[in-house]
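Beneath this line is the structure, given in structure tokens, with notes to follow.
The values are calculated or read from the model by the stated rules, or taken from the named source; none is laboratory data. From a predicted model like this one, the values you see are computed outputs, not experimental measurements. Note that we place each Cβ from the backbone using ideal geometry, even for glycine, and neighbour counts take in every protein chain shown.
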């Protein structure tokens, strides 16, 4: 099917390879939504005709379900149009999160379908309804199944192609449609041989799966909206790209905000030698912000942290402190190490990054107490001023 999908994309999406372009993403969303409307409307007509002819509640219910799917496809098109609206005074970072809200709406729809399906299935078990078998109706329903499978795979393919939460959510919903439709087809076939209400029992199992799918989709979408940790690959790409520039010897305090697929804003601290002219460093930082932003398709702000890199004593002391405090549970890294004072009684100033699990005030106080102990072991004349940073990536 991949060849068919790629042919459709090439035919209807201009510059289809530029998946980070807002216009291209909108075209992908329009294509997925349009195909969804066509297929769901076709299945809706088939099921309405069969449902009325057989007086089948199950078939009619699935017809109504496909009507909601057609409306959902229309919502997908609208959501992509809204998500690609330019930034304005009230929304300076654009409207990209509309895609996540759409995915949340889809998950709510899946919950409703799962609940109604479970309730109907239990009712069907308790009060079986005899449905006359009709070969033509069965064949027509069977014809609807590959259409639904095609829609599921195509929507999922588009969603992965542009990393769209809305299209992935639509694919999950269409997969539940395949299960629902399969159960309806199975129930029609079973009526040919027995009056046992197998469709009710199968329906209960399928409804549990539907509810589980809705839960998983809702959790993933809510995690994103609430600010889950960024993708590790993106974190590594940002760090390695910035470290490739001259004079930048270290990076830390990376924070990434997600304003929708393909819309990220990042800030990071870059350690640079203290004795390089500030205007020269400023030019390098400006260049890194522009080039890394274009390379990774994000808006990035880089803050300069001058560090002393030409003192063997400071470098040796930094390594001793680093090796000592990294043995403390909960500390992930150390940065911004500075030494104040020329006598033996020095003050060491540095930051440490702690794990997300270390969240309580007592835990932090305990870590600070342990750091002081480790520094004192290196020299009892050393004092330290420590800033605790959280791990945001």
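Apart from one condition, residue 214 fits all of (1) assigned to a helix (DSSP H, G or I); (2) more than 13 Å from the chain's Cα centre (by Cα); (3) outside the structural domain of residue 62 (by TED's automatic domain parsing); the exception is (3). Give the residues of region 190-211 that are assigned to a helix (DSSP H, G or I) and out of contact with any helix residue (DSSP H, G or I) (no Cβ under 7 Å at 6 or more places or on another chain), sorted by residue number. Within region 190-211, 205, 208 meet the criteria.
Condition check ((1) part of a strand (DSSP E or B); (2) surrounded by 13 or more Cβ atoms within 10 Å (Cβ to Cβ)) across all residues:
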| position | (1), (2) |
| --- | --- |
| 279 | no, no |
| 348 | yes, yes |
| 364 | no, yes |
| 374 | no, yes |
| 380 | no, no |
| 388 | yes, yes |
| 392 | no, yes |
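Of the residues 328, 285, which single one is more than 16 Å from residue 252 (Cα to Cα), surrounded by 15 or more Cβ atoms within 10 Å (Cβ to Cβ) and at pLDDT 90 or above? Testing whether each residue is more than 16 Å from residue 252 (Cα to Cα), surrounded by 15 or more Cβ atoms within 10 Å (Cβ to Cβ) and at pLDDT 90 or above leaves just 328. Scan region 303-315 and give yes if some residue there is modelled with pLDDT of 90 or more, within 30 Å of residue 20 (Cβ to Cβ) and exposed (fewer than 13 other Cβ atoms within 10 Å of the Cβ), otherwise no. Looking through region 303-315, at least one residue is modelled with pLDDT of 90 or more, within 30 Å of residue 20 (Cβ to Cβ) and exposed (fewer than 13 other Cβ atoms within 10 Å of the Cβ).
Going through region 1-17 one residue at a time, which ones are loosely packed, with under 14 Cβ neighbours inside 10 Å and within 15 Å of residue 163 (Cα to Cα)? Explain how you work it out, then say what you get.
Here is the first cut: in region 1-17, the ones loosely packed, with under 14 Cβ neighbours inside 10 Å are 1-4, 6-7, 10-11, 14-15, 17.
Once the filter is applied, which keeps residues that are loosely packed, with under 14 Cβ neighbours inside 10 Å and within 15 Å of residue 163 (Cα to Cα), region 1-17 yields only 17.
Taking every residue in region 166-183 that is more than 12 Å from residue 109 (Cα to Cα) and pairing it with any residue that is outside any helix (DSSP H, G or I), at least 6 positions away or on another chain, yields no pair with a Cβ-Cβ distance below 6 Å. Within region 2-45, the only residue that satisfies the criterion of being in contact with a helix residue (DSSP H, G or I) (Cβ under 7 Å, 6 or more places away or on another chain), in contact (Cβ under 8 Å) with a residue 24 or more places away in the chain and in a loop (DSSP other than H, G, I, E, B) is 19.
Select from region 115-162 the residues that are assigned to a loop (DSSP other than H, G, I, E, B) and surrounded by 15 or more Cβ atoms within 10 Å (Cβ to Cβ) and list them in ascending order. Can you show your working first?
Here is the first cut: in region 115-162, the residues assigned to a loop (DSSP other than H, G, I, E, B) are 127-134.
Once the filter is applied, which keeps residues that are assigned to a loop (DSSP other than H, G, I, E, B) and surrounded by 15 or more Cβ atoms within 10 Å (Cβ to Cβ), region 115-162 yields 129, 131, 134.
Matching residues to (1) assigned by TED's automatic domain parsing to the domain that holds residue 247; (2) within 26 Å of residue 244 (Cα to Cα):
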{"position": "280", "(1), (2)": "yes, yes"}
{"position": "289", "(1), (2)": "yes, yes"}
{"position": "332", "(1), (2)": "no, yes"}
{"position": "383", "(1), (2)": "no, no"}
{"position": "391", "(1), (2)": "no, yes"}
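Just checking, does region 263-274 include any residue being in a loop (DSSP other than H, G, I, E, B) and either assigned by TED's automatic domain parsing to the domain that holds residue 163 or exposed (fewer than 14 other Cβ atoms within 10 Å of the Cβ) (or both)?
Filtering region 263-274 for residues in a loop (DSSP other than H, G, I, E, B) gives 263, 274.
Of the ones still in play, those that are also either assigned by TED's automatic domain parsing to the domain that holds residue 163 or exposed (fewer than 14 other Cβ atoms within 10 Å of the Cβ) (or both) are none.
No, that holds for no residue.
For region 109-119, the criterion of being touching a helix residue (DSSP H, G or I) at 6+ places or on another chain (Cβ under 7 Å), closer than 17 Å to residue 196 by Cα and in the same structural domain as residue 41 (by TED's automatic domain parsing) is met by none of the residues.
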